[in-house]
């Protein structure tokens, strides 16, 4: 792919030595720099959401009944700290974040952060189910397609990938509900419960990641299988499968690991839609509730919270990548 | 987008310019060799055919639509498609919960999808290309600034941002277009930048400079023709992504106003009646899939044609 360096697959010993050397200075510097960038990104997100939300005007109007007097309005405004200058509000908002205070939900009358934590296990369950589904299908499919390139199996994998990437999650979900819940009565159409409830939402959410991973694994493995070291390994008498497993896959896995990390973000984004389709009581549905209720402190907290997860996932992927592939230039 | 970001996002990005094998001969017969490649690719032909059909349907919606998409007929609610017993003559794909004709609404929904898909793509394409060319050409501080910005935006779940912005600004067609457009420039900027990085050191640019061309002349006369191929590829694929994004917003009820028929909005309505009236959700969803699938197939073909080595 991007790195067209044709090196032999570094033997385990070499790799360890390289890793040790990098771990000394360069890698540490790289990690520190990435952490610094991450903090900067989160600061920007916090700032942007704060001012974006303030653009909508006065939440007090929305919270009180139309019969409220001006005094009542002012009292509530003072209680929420909305009568202070914007810059003071902004600073106290940032200060609150540092103390773990993400504000109070206007609709639920609870700390926004607690609400998110309440819903988080459901989303984690859904996202893990989706990722497990994606990997179980994508890894064999990608390998078969790459090894039997041009075969009927390959074509069907490529076609499935294309359809998977072109179909919005909510439509997949609705079709699955129609077939497996409405017509066959095999699985529940929504809600959360046992494993049965997880199957359809997990497939729905995981389909896109599955397509991405299968596609990337296929192209990455095809690249690797064309390399000289594969021929060397074959000519030294290893079986075709051994070569694929010990050499091809090991190197083809790198970009795949990156995309798996990045998919965590798209799973979270996609969870908004999937949870809506299946009435899954997770953070995604909380997001839609916050938006439809115009619950701005909660929206603000969710955006920030999801960004933290997403950005940290990216950070971990980058660091893992630098560890795994010494060729990655760290500058 | 994610694939692009992975490819362009590897840390050794400056060196990742996809090697364009001497572009000169291909450009002379670009159009003809494209048609030749198309003739060999039956799937792409079908996809292109569907795409042309979808565009024509969108343009001529008022002429071909059998009914007014907003006309309600509460006596004839939830009537099935014409081949199912109990159907109402004339309503080929049945009626929805307000007795509106599903086919007519899908036909009109084409307009929103195409308008948002193309307009948001053009907007993000223009922004991304300008940033990419400037960054690749001048490098330095401006390059670092915009590439960092691209990192930040790529590192952010964009649908969330789009949701918040759309709600804050009150949903309208133009807000949706602008929000999606501002969220999509990064993949263009990265790819175009790396193309320009390699182009600027090529002999023909040096030669142009030697005969006295200034920066703007070089950018328009010598850089521009050479970035059209990657631009067309990303653009095509992005139209599909934008159509899906618009449908997602409409599905959540946060896209264009609900009075305008959209595929995503129909899906949301259809889901409520999925047990009794499957046709509302199924046909509007099929419209999305058919459109995005044919765009993606066309885009893949363009990409293979422009750079057979890049992906397989």
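Could you give the angle, 0 to 90 degrees to the nearest 10, between helix B:158-169's Cα long axis and the longest principal axis of the Cα atoms of chain B?
70 degrees
In peptide B:272-281, what is the residue-averaged number of other protein chain Cβ atoms found within 10 Å of each Cβ?
Partner-chain Cβ atoms within 10 Å, mean over residues of B:272-281: 3.
Can you put A:235, B:198 in order of Cβ neighbours within 10 angstrom, beginning with the fewest? List each step's numbers first, then the result.
Numbers: A:235 8, B:198 17.
Final ranking by Cβ density, sparse to dense: A:235, B:198.
Sort B:212-218, A:186-192 by packing, meaning the average of other beta carbons within 10 Å per residue, with the highest value first. Present the calculation step by step, with values, prior to reporting the outcome.
Details: B:212-218: 11.9, A:186-192: 16.1.
Ranked from most to least packed, the peptides come out as A:186-192, B:212-218.
Taking neighbour Cβ counts within 10 Å as the exposure measure, how do A:44, B:135 sort from fewest upward?
Arranged by neighbour count, lowest to highest, A:44, B:135 become A:44, B:135.
Using only C-alpha atoms and all pairs of different ones, pull out the Kirkwood radius for chain B in Å with one decimal.
Computed over Cα pairs of chain B, the Kirkwood hydrodynamic radius comes out at 21.4 Å.
Tell me, in nm to one decimal, what length is gained between residue B:97 and residue B:273 on full extension, where the rule is 0.36 nm per residue of separation less the Cα-Cα distance? Each step should come with its number before you reach the end.
Numbers: separation 176, 0.36 × 176 = 63.36 nm, distance 0.79 nm.
Result for the pair: 62.6 nm of gain on full extension.
Cα gyration tensor of region A:116-174, axes a ≥ b ≥ c as square roots of the eigenvalues: rounded (a/c below 1.5), prolate (a/b > b/c) or oblate? Could the numbers behind the result be given before it?
On the way: a/c = 5.04, a/b = 2.06, b/c = 2.45.
Oblate.
Go ahead and estimate [θ] at 222 nm for chain B from helices alone: -39,500 (n - 2.57) per DSSP H run with n ≥ 4, summed, over the residue count, rounded to 500.
-22000 deg cm²/dmol
When a footprinting reagent is the concern and you count Cβ atoms within 10 Å, what order do A:220, A:92, B:284 take, fewest first?
A:92, A:220, B:284
Is it possible to state the helix-based mean residue ellipticity at 222 nm for chain A, with each DSSP H run of 4+ residues giving -39500 (n - 2.57), the sum divided by total residues, to the nearest 500 deg cm²/dmol? What is it?
After summing the helix terms and dividing by residue count, I get -24500 deg cm²/dmol.
Taking the 0 to 90 degree range and rounding to the nearest ten, how far is the long axis of helix B:30-40 tilted relative to the main principal axis of chain B, both from C-alpha atoms?
50 degrees
Could you tell me what % of all Cα pairs in the protein assembly as shown have separations over 36 Å?
When all Cα pairs of the protein assembly as shown are counted, 43 percent exceed 36 Å.
How far apart, in nm, are two points set 7 Å out from the Cα along the Cα-to-Cβ line at residue A:44 and at residue A:82?
Here the modelled spin labels are 3.0 nm apart.
Provide the FRET efficiency to the nearest 0.05 for the residue B:63-residue A:184 pair, computing r from the beta carbons and using R0 = 41 Å.
My answer for the efficiency is 0.50.
Helix B:278-306 versus the longest principal axis of chain B: what angle, 0 to 90°, nearest 10, using Cα atoms?
Computed tilt is about 20 degrees.
Once a ≥ b ≥ c are taken as the square roots of the eigenvalues of the Cα gyration tensor of chain A, is the result rounded (a/c under 1.5), prolate (a/b larger than b/c) or oblate (a/b not larger than b/c)? Walk me through the numbers before you get to the answer.
Values: a/c = 3.48, a/b = 1.60, b/c = 2.17.
In terms of gyration-tensor shape, oblate.
Calculate the spin-label point distance for residue A:196 paired with residue A:89, positioning each point 7 Å from the Cα along the beta-carbon direction, and give it in nanometres.
The answer from the label model is 4.9 nm.
Over the residues of region A:112-261, compute the C-alpha Rg and express it relative to 2.2 N^0.38 Å.
For region A:112-261, the normalised Cα radius of gyration comes out at 1.27.
Which of the three applies to region B:108-222, rounded, prolate or oblate, going by the alpha-carbon gyration tensor with a ≥ b ≥ c and a/c under 1.5 meaning rounded? Write down the numbers at each step before the final one.
Working: a/c = 3.47, a/b = 2.02, b/c = 1.71.
Prolate, since a/c reaches 1.5 and a/b exceeds b/c.
Quickly work out the residue B:144-to-residue A:245 label distance, labels modelled 7 Å from Cα along the C-beta direction, and quote it in nm with one decimal.
Once both label points are built, they end up 4.9 nm from each other.
FYI, it's all coordinate maths here, none of it is from the lab. As the structure is a prediction and not an experimental result, all values here were calculated from the model. Positions of Cβ are generated from backbone atoms using ideal geometry, with glycine treated the same way; all protein chains shown enter the neighbour counts.
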